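Notes to accompany the following structure.
The values are calculated or read from the model by the stated rules, or taken from the named source; none is laboratory data. Quick caveat, the model's predicted, so the values are computed rather than measured. Using ideal geometry, Cβ is built from the backbone for each residue, glycine included, and neighbour counts are taken over all protein chains shown.
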Amino acid sequence: MIRAGRGGIYSEDFEKGFAAVGWSRLGDLTQYSDTASLRDKYIALYGNEKPIATAGAIAMILKFRDHISAGDHIVSYNPETRNYLIGVDKGEYSHQPDVIGDYANLRKVHWLGKVSRDKLPQKAKNSLGSTLTLFSLGQNIIDNFLAILEGKEPSIPASEDGVDEQEAETTQLKDETVAQSHELIKDKIVALSPEEMEELIASILRAMGFKAKVSPKGPDRGVDVIASPDGLGLTQPRIKAEVKHRKDSMGAPVIRGFIGALRDGDSGLFVSTGGFTREARYEAERSTFPLTLVDLDDLANLIVSHYENFDLDGRALIPLVRIYWPVD
């Protein structure tokens, strides 16, 4: 597994035939003839405040450069589209600045296809929750991916030990737990019906201190959720929310249409569990009305941030339990 940057920011760039990691200030990784020279340079550039984290980073850098071989399966994940990209390494490491953002260390990959997270068995999902930039996957996880790509049911049992334990020890368990919890919450959201999604958005707004209601059903419903401090829309901010619960990303025309329905005093909230295209985000940024786009990751974060104030209806839609963690 090779992460495409924080939040999968470089997922689209990976699809051009690469997998990449950062640590670009190190330059071309082939210049380091041994681990000691790499470690010295790493500490000079990035410091050594947490020696365990330093050791983990160096282990991942060396694995990316030396231990991945031609024919190895490579997996990456786009959390916005909830798709895993599955491919085969071509056996070529290179240092190419400006090809994939600030990730200058590249490997060429022949991508075979994509697998939706929703099609994976639950145990496989649990095994893929690590926050590490790069980690090993068990063969049973790969077999699940390949079976789905071939149109078969992923009938092979997936154990939960797919993450390389030695490397997993180099990252904080808390980060692992939070990341896995985040993905599992997203799984719960995806399982909701469109009507339940609208109720969830209303519950979030109520938890934030607004009086919110779902608009009545009809041939032309307009906005899906309306919220304001007084519940009547007479006081500002008056929030109008559009909720799209589908796999496809929302494009610029849909955002322009939503902006066209806003009036003076309105603030727009557009929720899309399928995410947004770059053009759609650009349209939102240039809107003359206050407009916030919320994708699936944002929605999961909002739920966690305001869950303590959720009403019974909201808690019934997304049942969660609090986990306490010791202070460092």
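Number of residues in region 263-317 that are more than 18 Å from Met250 (Cα to Cα) and hydroxyl-bearing (Ser, Thr, Tyr): the value is 4.
Mind checking which residues of region 13-36 are of a type in the set (Gly, Ala, Ser) and either touching a helix residue (DSSP H, G or I) at 6+ places or on another chain (Cβ under 8 Å) or surrounded by 12 or more Cβ atoms within 10 Å (Cβ to Cβ) (or both)? I'd like the intermediate steps shown before the answer.
As a first pass, look at region 13-36 and keep what is of a type in the set (Gly, Ala, Ser): 17, 19-20, 22, 24, 27, 33, 36.
Result: Gly17, Ala19, Ala20, Gly22, Ser24, Gly27.
The residues listed here are Ala227, Ala207; of these, the one that is farther than 29 Å from Ser116 by Cα and in contact (Cβ under 8 Å) with a residue 60 or more places away in the chain is Ala207.
Answer with yes or no whether Ala212 is surrounded by 15 or more Cβ atoms within 10 Å (Cβ to Cβ) and in a helix (DSSP H, G or I). It is false that Ala212 is surrounded by 15 or more Cβ atoms within 10 Å (Cβ to Cβ) and in a helix (DSSP H, G or I).
Scanning region 7-50 for residues that are of a type in the set (Phe, Trp, Tyr) and either over 30 Å from Thr81 (Cα atoms) or not assigned by TED's automatic domain parsing to the domain that holds Thr81 (or both) yields Tyr32, Tyr42, Tyr46. Selection of region 227-248 for residues being in contact with a Ser or Thr (Cβ under 7 Å, 6 or more places away or on another chain), more than 13 Å from Phe289 (Cα to Cα) and buried (at least 18 other Cβ atoms within 10 Å of the Cβ) yields Ser228, Lys244, His245.
Asp89 fulfils the conditions (1) acidic (Asp, Glu); (2) crowded, with 16+ Cβ neighbours inside 10 Å; (3) under 30 Å from Ser181 (Cβ atoms) except for a single criterion, (3). Looking at Ile68, is it over 23 Å from Leu296 (Cβ atoms), free of Cβ contacts under 8 Å to residues at least 40 places away in the same chain and touching a Lys or Arg at 6+ places or on another chain (Cβ under 6 Å)? No, not satisfied.
Taking first residues from region 5-20 that are outside any helix (DSSP H, G or I) and partners that are of a type in the set (Asp, Glu), the Cβ contacts under 9 Å between residues at least 6 apart in sequence or on separate chains come to Gly5/Asp13; Gly5/Asp102; Ala19/Asp89; Ala20/Asp13.
Restrict the check to region 302-309 and report whether at least one residue is surrounded by 15 or more Cβ atoms within 10 Å (Cβ to Cβ) and assigned to a loop (DSSP other than H, G, I, E, B). No; the residues of region 302-309 include none that is surrounded by 15 or more Cβ atoms within 10 Å (Cβ to Cβ) and assigned to a loop (DSSP other than H, G, I, E, B).
I need the full set of residues from region 184-201 which are farther than 17 Å from Thr81 by Cα, touching a residue at least 40 places away in the same chain (Cβ under 8 Å) and either among the aliphatic types (A, V, I, L, M) or assigned to a helix (DSSP H, G or I) (or both), in order please.
The answer is Pro194, Glu196, Met197, Glu198, Glu199, Leu200, Ile201.
Here the condition is being under 24 Å from Glu195 (Cβ atoms) and either among the charged types (D, E, K, R) or assigned to a strand (DSSP E or B) (or both); of Leu299, Leu269, it holds for Leu269 alone.
This table checks each residue for (1) of a type in the set (Val, Ile, Thr); (2) buried (at least 16 other Cβ atoms within 10 Å of the Cβ).
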{"position": "Leu38", "(1), (2)": "no, yes"}
{"position": "Pro51", "(1), (2)": "no, no"}
{"position": "Ala57", "(1), (2)": "no, yes"}
{"position": "Val75", "(1), (2)": "yes, yes"}
{"position": "Ser94", "(1), (2)": "no, no"}
{"position": "Leu120", "(1), (2)": "no, yes"}
{"position": "Ser127", "(1), (2)": "no, yes"}
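Can you pull out every residue in region 225-260 that is part of a loop (DSSP other than H, G, I, E, B) and under 25 Å from the mean Cα position of the chain (by Cα)?
From region 225-260, those part of a loop (DSSP other than H, G, I, E, B) are 229-237, 245-249, 251; that's our starting set.
Correct list: His245, Arg246, Lys247, Asp248, Ser249, Gly251.
Only residues that are closer than 19 Å to Leu132 by Cα and out of contact with any Ser or Thr (no Cβ under 7 Å at 6 or more places or on another chain) were counted across region 27-46, and they come to 2.
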